[in-house]
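Accompanying notes for the structure given below.
The values are calculated or read from the model by the stated rules, or taken from the named source; none is laboratory data. Computed from a prediction, not measured in an experiment: that's the story for all the values here. Here the Cβ positions follow ideal geometry from the backbone for every residue, glycine too, while neighbour counts run over all protein chains shown. We work out accessible area using only protein heavy atoms, side chains counted, and drop any ligands, DNA or RNA first. Shrake-Rupley method; radii C 1.70, N 1.55, O 1.52, S 1.80 Å.
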Amino acid sequence: MGKGKKATHTTEVSKTPEDVQRPTEVKRTRVEQLKSSAPYGVLLSIILAIAFYIRAVLPYDSVFLADGTIRFGGNDPWYHMRLVHALLNNYPHAMFYDAHAIPPYGCYIHFGPLFDHTIALLSIIIGLGHPTPYLVDTVGAYFPAVLGALVVIPVYFIGKHLHNRGTGLLAALIIATLPGQFLSRSLLGFTDHHVAETLFSTVTILFFILALISARNQNLSFKDLNRDWRAIKYPLGYAALAGIMYAAYQLCWPGAPLFGAIIMIAAIIAYITEHIRGRTVEYLTMVGIVAFGVELILVLPWLHPEMGFSTFYYSLFHAAVPLAAIAAFLLMQVISREMNRRDISPYYYPVLLIMGMVVGLVLISVISPTLYSTIVRSPDMIFGIHTGGAATIAEASSMLMRGNPPQLDIGRGSMVYGNFGNCFYASLFGILVLGYYVVKRWKPEEILALVWTLVMLLSIYGQNRFAYYYAVNVAIMSAYFGTRILEFTGFKGIHTTMEDLPRFLAKNAGYILLAIIIIGVLVYPWGPAPTTLKQAKYTGGPGAQWYNSLDWMQYNTPDTGLSYYGPYVRPPPGEPYPYPDTAYFVMSWWDYGHWIEIIGHRIPNANPFQAGIGGGESQAPGASTFFTAESEAEANEIADTLGTRYVVSDVEMATGKFYAITTWTGDTGGYGEWLLIGGRNEWVPTMRYFNSMEGRLHIFDGVSLSHYRLVHESTAGGSSERGYKWVYNLQPTLYPDLFENRHQDMPSDIAESDTGYVKIFEYVPGAKITGTAPPNTTATLRIPILTNQGRTFEYVQTATATPDGTFTLIAPYSTDGPIAPGDGGTLFDTAPSDMYTVTTAIGSYPVSVSEADVLAGNVITVQ
């Protein structure tokens, strides 16, 4: 069997810029081409403007505030801007290790370098070599909006080359106006690498499609390498651009080998179908080797061999993937050639490929068990539904499944509908139509588009975060389905110039009406665009309560003594970072770690890298075990182990997020139960919740704790706090036995009001107030506290005198004012409004306690 015949496809989907050079086609003049393209260029420009307006103009007031500050959205955008500022402070040396993150070992940064370096470079150019911090933040704020708008362009061209220009325009309009994950991650101020992932991965697919179309139409073969360069410049040029874009994508996200797998799956199918149909596969081999070879060369300088085969960091794995791809292309080429030479039935080809893959995996398992383990575990990491603590990560939950046990949920109230609207359902039909044409024609570019779409659909089954990828597929597939409907009704496409446009519209009024209906269903007013216009106004991120509280922390607590911008020298593996003696850490839930580090310039115990959480089977010390601790002594042991000095809590941790905190510990029972209240079932907290460290800190202001004092609180915010306090006051009725066993000094009732949304506590030794009292009698310590919000509460602590008639009370508050942060103290603005009162069976005594006594744990004796 020899090589297959040269392709003779002449449908519009096969046309590319180089096709016009083929002698069998009638050449149009350059002027005619420009005239025919002008309406599409105008419409695409309008769509670009719409995309940018939605992303950069609508959310402006939520990002650039009247007080002159810039509020980035989410969590990771703040960390990206930290990396950008650190890069500019140490230019051109980037921060690859951060001692401010994940103490005591610090953190090797897994973020790709390209995103941050681009923001830094743009800032330098715009700032004429000396950008101000505000300019840098401004560039960083606009960067995701620009990238999000630019996604419109590759989406248009993919739609155009899969079907026609109408498909491209409709797909571009849909992606410009989709809500959900893609919108939120491309808004002004959401300076995260996710939108760059979407852009570069989409452009990678586009150039692979162009390379495949061009190479197939040129009937590219190895012999062409020794002939006229014009025969290979387009296919190999597109392949090289695909490699460059794949490298750019990879340098934005270490998980980019996912798309390498997508391309390889499509390539295997294309090799099989081309071989069975008697066509040459040389063009596939040349495109694949060039693309993956270019990508490998560009990525190699950024790899860290000491990371082994990790998928989380830039490691040897990121070299192994393109090398394996190149080897696979060569192997498939050799097998095809040899089978043709030996005249072996082509239907044995897929069997031999499967055998080759099995042998390859076996060899890898023997040569490098670590690499083999990474390969076999990777699919479950992306496509599997998470359980345990990981299931509480919002972006890691399934988009298609909900409930326990998980059930398919794609209705109008589902997460998937909120992200894609009607376009999701249309895209499913688009997949079916594309699948029909794939089976009918087996064009490699259509195979790639179908595999790409199906893999990303499977990805959102595992994690909803991949919706910002799948949005592109939804836009293309729903537009593909919509324009195919037009085509099935007899519409021949838009073939006109600007001058003839009115006549064209009049002649095709019926088709235009149908197109308007399709746009109405997929875009506006019945499509998802109205939701987009609402969502785009808010970028998210820390509210005023969080921002102001952490700003207060930066200027009113001691400096840690650790340089904020570095550079830091990474210690040997397994050894802790040599922090200065003045260093301390801040305990909060991991969601808020980046805010604490960037806004507060302090070192968090836990952060959004899902580090420092603790719990699990080993009950490792961390945020989860601290906030669920059932005694102060247990919490103190964790705080001492982790070097914690401050604890930051918000009302979300005390209410809705508390379940996530307990889930990470592996023990969720007994914190609440469902009760019928007011005719409906309500989840109400029980005494196990109120006895937890989080409950005692946030709900009760730490009044029953000996070593924690409230030093600052934000304004109140709408929350469930008041309801939780109402439930607490019902505890004697609901759970009389459990209520009697509540922690000592917890009040019998509490004012049912919302207090500070964010509260900052300081963990202190506390002054030891000792004295004498009748044996086994109660000594009580009281002091009124006035918060910075003008709120008052009474701190109360009791102790039982020993059989020999002595007692010890721990005083965490100072009555004589603060010590300046420069001298190691906290400039607290929540403090006693009077002296302590110690009451025993003998009498009452006023007691004054200095800040030095509190911080040193000095003994104060009362008579």
inquiry  = I'd like the Karplus ³J(HN,Hα) series for segment 759-770: coefficients 6.51, -1.76, 1.60, θ = phi - 60°, whole numbers in Hz, and an x wherever there's a Gly or Pro.
reply    = 10, 10, 10, 10, 8, 10, x, x, 6, 9, 9, 10
ask   = Counting only residues 5 or more places away or on other chains, whose amide H sits under 5 Å from the amide H of ALA99 once H atoms are built in the peptide plane?
value = CYS107
Estimated FRET transfer efficiency (VAL334, LEU454; beta-carbon r; R0 25 Å; 0.05) = 0.30
ask   = With Cβ to Cβ distances under 11 Å as the rule, what net charge do the other residues near TRP589 carry (K, R +1; D, E -1)?
value = -3
inquiry  = From Cα pairs below 8 angstrom and at least 6 apart in sequence, can you work out the relative contact order of segment 84-216, rounded to a whole percent?
reply    = 20 percent
Cut-off under 5 Å, modelled amide H: who pairs with GLY805 long-range = ASN776
remark   = Put HIS743, HIS698 in order of accessible area, largest first, probe 1.4 Å, and you get HIS743, HIS698
ask   = What net charge do the residues around THR665 carry, taking every other residue with its C-beta under 14 Å from that of THR665, with Lys and Arg at +1 and Asp and Glu at -1?
value = -3
inquiry  = List residues of segment 827-861, by number, whose backbone nitrogen lies under 20 Å from a label position 7 Å along Cα→C-beta of ARG782.
reply    = 831-849
query = Which order do TRP526, TRP664, TRP683 take when ranked by solvent-accessible area (1.4 Å probe, heavy atoms of all protein chains), largest first?
reply = TRP526, TRP683, TRP664
message = Can you tell me, using C-alpha contacts under 8 Å and at least 6 residues apart, the relative contact order of segment 578-684 as a whole percent?
response = 24 percent
request  = Select from the chain the helices, each a whole stretch of DSSP H, whose alpha-carbon atoms run 30 Å or more along the helix axis and whose Kyte-Doolittle mean is at least -0.5; answer none if there are none.
outcome  = 30-52, 194-217, 317-341, 467-488
Carbon + sulfur, % of accessible area of segment 314-366 - ligands and nucleic acids excluded, 1.4 Å = 77 percent
query = Roughly what % antiparallel, to the nearest 5, for the DSSP beta bridges in the chain?
reply = 85 percent
Residue-by-residue Karplus 3J(HN,Hα) for segment 59-72, coefficients 6.51, -1.76, 1.60, Hz, glycine and proline x = x, 3, 5, 8, 10, 9, 7, 5, 7, x, 8, 10, 9, 6
note = The relative contact order of the chain, taking Cα pairs under 8 Å that sit 6 or more residues apart, comes to a percentage of 12 percent
Sequence of GLU652, GLU630, GLU499, GLU721 when ordered by accessible area, the most exposed leading, probe 1.4 angstrom = GLU499, GLU630, GLU652, GLU721
query = So what's the net charge close to MET95: Lys and Arg +1, Asp and Glu -1, counting the other residues with Cβ under 13 Å from its Cβ?
reply = -1
note = Descending packing, highest mean Cβ count within 10 Å first, for 435-443, 592-600, 671-679, 256-264 is 592-600, 256-264, 435-443, 671-679
ask   = Considering only protein heavy atoms, what per residue accessible area in square angstrom results for the chain with a 1.4 angstrom probe?
value = 41 Å²
